[in-house]
Amino acid sequence: MDEDLEPEFREGENKECLQALAYDRAFVVNGPVVKVYKNGEDEDQGDDQQRLKYLMHLPVIRDSRGDILEPTNMMLHNNESSLLFIDKNDSNRVVSYDLEAGAISDEFKLRSKLGEQGAQMIVNEFKNASNTAS
């Protein structure tokens, strides 16, 4: 399942789940790894089976310096093709990760506006805003 991950990233506790509205996908944060699941087919499920089916994991997200980022407070953006999140290790850093390209597309530094307080949460301004172009 996660054989291509470095051993220290294979096990961990699931911290956060984000459900896509337009696509049958759920994104689960497990340490620095974002795992992707889809709903299991009803006929494939026994009484003791999980409903979510593991599909893949995103590559471990690293910044331009090679430091590992740990996503928290995720939000889908730009027709659900991008994932916005706050870096758990630096709450003054909001990252836009392009799901189609598999890379960081933009990064926002908040220190000049918020000081050391940082961001606690990312929210949509409008209902279903993740399904509209930015």
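Where a number appears in this text, it was derived from the coordinates with a stated rule and is not lab data. Everything numeric here is computed off the predicted structure, so don't read it as measured data. Positions of Cβ are generated from backbone atoms using ideal geometry, with glycine treated the same way; all protein chains shown enter the neighbour counts.
Determine which member of the set 107, 80 is on the phi > 0 side of the Ramachandran plot and touching a residue at least 12 places away in the same chain (Cβ under 8 Å).
On the way: 107 fails: on the phi > 0 side of the Ramachandran plot.
Residue meeting the stated conditions: 80.
Go through the range 59-79 and give me each residue that's assigned to a loop (DSSP other than H, G, I, E, B) and surrounded by fewer than 17 Cβ atoms within 10 Å (Cβ to Cβ).
59, 60, 63, 64, 65, 66, 67, 79 - these are the residues of the range 59-79 that are assigned to a loop (DSSP other than H, G, I, E, B) and surrounded by fewer than 17 Cβ atoms within 10 Å (Cβ to Cβ).
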